[in-house]
1. Output the number of residues of the stretch 154-183 satisfying the condition of being away from the ligand (no atom under 11 Å from the Cβ) and either of a type in the set (G, A, S) or in a loop (DSSP other than H, G, I, E, B) (or both).
2. Based on this model, can you work out whether S63 counts as polar (S, T, N, Q), outside any helix (DSSP H, G or I) and farther than 22 Å from C263 by Cβ?
3. Name every residue in the stretch 107-124 that is in a strand (DSSP E or B) and near the ligand (Cβ under 9 Å from one of its atoms), in order of residue number.
4. Please pick out the residue among I191, I141, I228 that is surrounded by fewer than 20 Cβ atoms within 10 Å (Cβ to Cβ), within 13 Å of the ligand (Cβ to nearest atom) and closer than 25 Å to N258 by Cα.
5. Look through the stretch 70-99, keep the residues that are closer than 10 Å to Q114 by Cα and of a type in the set (S, T, Y), and return whichever of them is modelled with the highest pLDDT.
6. Could you please give the count of residues in the stretch 144-153 that are in contact (Cβ under 8 Å) with a residue 12 or more places away in the chain and within 16 Å of the ligand (Cβ to nearest atom)?
7. Kindly indicate which of S202, S265 is more than 16 Å from the ligand (Cβ to nearest atom) and of a type in the set (S, T, Y).
8. From the list P74, P90, P104, which one is more than 8 Å from the ligand (Cβ to nearest atom), assigned to a helix (DSSP H, G or I), farther than 22 Å from M204 by Cβ and not hydrophobic (A, V, I, L, M, F, W, C)?
Amino acid sequence: MKQNIKKIYRNICLTEWNNKEIINLKEDNNQLKKQVESLDNKIDLIIKDLETLRRNTNEIIYSQIFHDTIKKSPWFDERLSLSSGAIGYPMAYILFRTLDDIKPQAILELGLGQSTKIITNYIKYQKNVIHDVVEHDENWIDFFKRSVDLSKIQKIHHLKNYKRKYNGTELNAYKNFKKEFENKSYDLIMIDGPVGWGQEYSRMDILDIIPGCLKENFVILLDDCERIGEQRTIEMLEEKLKQNNIKYKSGYHYWGINNVYICVSENLEFLCHI
Ligand SMILES: C[S@@+](CC[C@H](N)C(=O)[O-])C[C@H]1O[C@@H](n2cnc3c(N)ncnc32)[C@H](O)[C@@H]1O
């Protein structure tokens, strides 16, 4: 009897000890879970920072390449401010190289700004080049015209912004874009407008005039292609080119803070790799 009581007592103590141990283990486990979660968050932040660093470093490298490339250029000598809303250095570089190497004769530019300054320098040197610029903001056009000496041959088309519906979403688009450009063709199309951030689809206007707007030899440049909206436009653009049996080469070779997409007629493939 005495022995049995002792056994029961020992079992009770052991169970209590076990319970305490389990509670302690549970607490430890919860703390470990919290630590892992916090480490996960820190790793996510580090990955984000690394991506920003990678992009900023590339931007700086491209700014160096750009500044070397424009040295002693016979046609380019302009003050540029490639900050925030403007094109970045990768686009400035590939735009300059396209103008310098290909010497396009008809240029369509969507989104007035710093890129327009580069093209304006080229127009003044090259002469008789068509340059159509599309811009939605009248105040910005007025301001720009007062600060940049445009050539008479350049035409700024003020097309108002409207919300276009596509696939159950809305995106910024230029009013009457198709009507204005469906009968024209270009060997350089540079797209950096309308404003496209935060949209499921973006900058789709060009699709309304493809392939009629392309000369036999062509270059299309599209800025901000790290965004899903622009990537969807690229997919649709390439699909249209294929449907129309237009041979092309393309790539995302020029990226810095923003990614630049390039699509060229096959014979100009080298532009995808310079
Ligand atoms: C992505 S930006 C395009 C700018 C242009 N391609 C450039 O390189 O500067 C899109 C729009 O931002 C507006 N924008 C650009 N620069 C601006 C500025 N400095 N001040 C006010 N609006 C500006 C214009 O309405 C332009 O169409």
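The values are calculated or read from the model by the stated rules, or taken from the named source; none is laboratory data. What you are looking at is a predicted structure, and each value in this text was computed from that prediction instead of being measured. Ideal geometry is used to build each Cβ from the backbone, glycine not excepted, and the neighbour counts take in all protein chains shown.
1. Qualifying residue count, the stretch 154-183: 8.
2. No, not satisfied.
3. Matches in the stretch 107-124: E109, L110.
4. Sole residue among the options that is surrounded by fewer than 20 Cβ atoms within 10 Å (Cβ to Cβ), within 13 Å of the ligand (Cβ to nearest atom) and closer than 25 Å to N258 by Cα: I141.
5. In this case the residue turns out to be S81.
6. 3
7. Going through S202, S265 in turn, just one is more than 16 Å from the ligand (Cβ to nearest atom) and of a type in the set (S, T, Y): S265.
8. P90 is the lone residue from the list that is more than 8 Å from the ligand (Cβ to nearest atom), assigned to a helix (DSSP H, G or I), farther than 22 Å from M204 by Cβ and not hydrophobic (A, V, I, L, M, F, W, C).
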